[in-house]
Every structure is written in structure tokens, then in C-alpha cells.
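In what follows, a single structure is set out as C-alpha cells and then discussed.
The values are calculated or read from the model by the stated rules, or taken from the named source; none is laboratory data. Since this is a predicted model, take the numbers as computed values, not measurements. Please note: Cβ atoms are built from the backbone with ideal geometry, for glycine as well, and neighbour counts cover all protein chains shown.
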Amino acid sequence: MYTLSIMVRRSCERLQQRLEQKGAFFNKLPFLYSWSDCGSAGKLLVFLPDQSCGGASREALTEAVASLVSHFLMEDLTVHLLQDLIRFHYFYFGREEREEILAIACRQFDSVKLRRRRELHRELIEKSILAYLKGPHDHLNIEGFYNFRLHECRRELRRVIDEAVENHLADKEYREFIRLLKYFLSLQQPKIELVHLTADQKGRVRITDHRFKQVDPCEWDEFDLTDFDDESDYEDILVSMLVSVAPRRIMLHRSVFQRYPRAVESLRRIFENRLIYCEDCSHCRREKAPLLTGDKPQPLN
């Protein structure tokens, strides 16, 4: 008599929900299933034949279980597996930082960019579970199976974690950069009442006074996108130079808002209520700067 048992330690309720959602299919099989509470070890799911069943019934059960568990492992258990990897490989981060890294990793894992890779890994997991259950095994410990047999899955999750850590450190560095610039700005006396920030059709930024005359031409004329390795460098330099000018108010025009969103966000954090958003002024209409998107941006608060 063939029986099949499955041990699940974490997210037991999600596996139960998935099983209930597939209840109509499982009820067609000549097996009854029941749950047993195993305390700290988790819960045990057991499939017992309700009548004599042949090889076809066993194969149908193993295929259904392999599909059920593979979806559970990739979609419900992943947050715990990512958390385990962070705890093991990045233990030297504080609790709050580990939580931030986990949140970043979960967003990355759920992103559209990784959707196809997730499905490929799920299919590989399903095949691995099916091959295991078609052998002499009648018991599946889900997390044990993941730890000892799904090495490629572990490597994929480790790649997600490593990338999340890199993003976290970059964001931390960016926040420190913003904090320092904001502090430096607080020490500065405004050198000019108002500057306009615009970009031409080639993406070159122009900083002008209230009459749209170039601010300190000797300093700004050579401020060209081609002078920097990438766009993020250009935006960081732009923000730093504006802080050094320390204007009392900055009028941000639409061409810059859509061309350099990262710089705009930095300016918003540093200058706060000193930043003014231009809503299609006469200068912008005259310049007719090309928009990169069709959506009209919302005014900054």
C-alpha cells in the first residue's frame, strides 16, 4: 500500500491553502489526506489510499504533489529562504539593515525582469521532486530537499541576495551623500535669489538667473554630459554644483524633470521647499524641449 508524507516547517498555512485550492483535483484521486501537528518541526501532510490503487494513481499523485510543492517553494517559502541566506552570509549587518536587504531582495525576486527565470527554476524544481518521488522515496521534507538537492535554486537566491546587498549599500551611500550636501547647504548663505534649471535637446543642462542669463558662464559652459562616465555621475555633479551656488529658489523646468529624474529627486530632498516646479511656462513653450515620455509629471510638493 503506497502512502506519501510531506513535512513542511514554515508557511504551513500557505501549503494548506494551496492544497485546498486544488482540492477538486486531489479529491478525484484514490487518496485521502490529513494533517498532523509536529510542534516545532512543523506539520506533516499524509496521503493514504482509500482503496487499492495501481501505478497510474500513484503517478498522478506524485505529479500533482510535485507541482503543488514547487509552486509553494518558489512563491511562498522564498522569503524564508532569502532570510536564511542573509542571516548566514551577511550576519554582520544589523537587524534593521538585514530587513531592508530582505525587502529589496523580495522586490527583485518578484520583479517582471526575473519572472521567466523564476518559472524556469520552478519547472526544474518540479522535475527534481517528481524524479525523487518516482524513486523509492515516500517521504518529502521540503526544506531538507531544498538544502541538499536544489543547489541551483540556492545559487539563484544567493545571486538575488548579493545584488540586494549591493543596492542597499549604494542606497546607503546615496543617503549619506544627500545628508552631507543638505548639511553643507544649511551652512551656505544664498548667493543668488533664483536660478532656472533647463536642458536643451542634447541633454545639456543650463543654469540661468531670473532673466535666463547663464550663471557664471566661465564655470558652467564646459558642464557637458560627455565629460562624465555615465548619467549618474553627471546628475551627482549637477546637484553638487547647485549646492555650491546655494540659490534661494530653484525653478525646475519640464525638460530637466523628465531628462534627469534622479537629480530631481536629489534636489527635492536637499532643497525641499526651495524647489519650484514649472508648469509649462512661456520659456518651455518657446524652447519646445522634447519630452521623453507622454505623461505629464505632477508638480513637486
Under 7 Å by Cβ, and 6 or more places apart or on different chains, what pairs join a residue from the stretch 146-165 that is assigned by TED's automatic domain parsing to the domain that holds residue 121 and without any contact (Cβ under 8 Å) to a residue 24 or more places away in the chain with one that is surrounded by fewer than 20 Cβ atoms within 10 Å (Cβ to Cβ) and part of a helix (DSSP H, G or I)?
149/128
Has the stretch 184-191 got any residue that is among the aromatic types (Phe, Trp, Tyr), outside the structural domain of residue 62 (by TED's automatic domain parsing) and assigned to a helix (DSSP H, G or I)?
yes
Only one residue in 168, 210, 139 is over 30 Å from residue 3 (Cβ atoms) and surrounded by fewer than 18 Cβ atoms within 10 Å (Cβ to Cβ), so which one is that?
210
Residue 275 under 23 Å from residue 182 (Cβ atoms), at pLDDT below 75 and in contact with a strand residue (DSSP E or B) (Cβ under 6 Å, 6 or more places away or on another chain)
no
For residue 7, all conditions in the list (1) of a type in the set (A, V, I, L, M); (2) in contact (Cβ under 8 Å) with a residue 60 or more places away in the chain; (3) part of a helix (DSSP H, G or I) hold save one; what is the number of the exception?
(3)
Lone qualifier among 160, 205, 195 - being of a type outside the set (Phe, Trp, Tyr), under 18 Å from the mean Cα position of the chain (by Cα), crowded, with 18+ Cβ neighbours inside 10 Å and more than 30 Å from residue 4 (Cβ to Cβ)
160
Just to check your reading of the model, which residue among 21, 51 is more than 19 Å from residue 133 (Cβ to Cβ), at pLDDT below 85, out of contact with any Asp or Glu (no Cβ under 9 Å at 6 or more places or on another chain) and of a type outside the set (Phe, Trp, Tyr)?
51
Residues in the stretch 179-191 that are surrounded by fewer than 16 Cβ atoms within 10 Å (Cβ to Cβ) and among the aliphatic types (A, V, I, L, M): how many?
2
Name the single residue that is nearest to the chain's Cα centre (by Cα) among those in the stretch 1-31 being surrounded by 13 or more Cβ atoms within 10 Å (Cβ to Cβ) and among the hydroxyl-bearing types (Ser, Thr, Tyr).
11
Condition met for residue 49 (without any contact (Cβ under 8 Å) to a residue 40 or more places away in the chain and touching a helix residue (DSSP H, G or I) at 6+ places or on another chain (Cβ under 8 Å)):
no
Determine which single condition residue 34 fails, assuming it passes every other condition in (1) part of a strand (DSSP E or B); (2) polar (S, T, N, Q); (3) buried (at least 20 other Cβ atoms within 10 Å of the Cβ).
(3)
Going through the stretch 62-92 one residue at a time, which ones are more than 16 Å from the chain's Cα centre (by Cα) and free of Cβ contacts under 8 Å to residues at least 24 places away in the same chain?
84, 87, 88, 91, 92
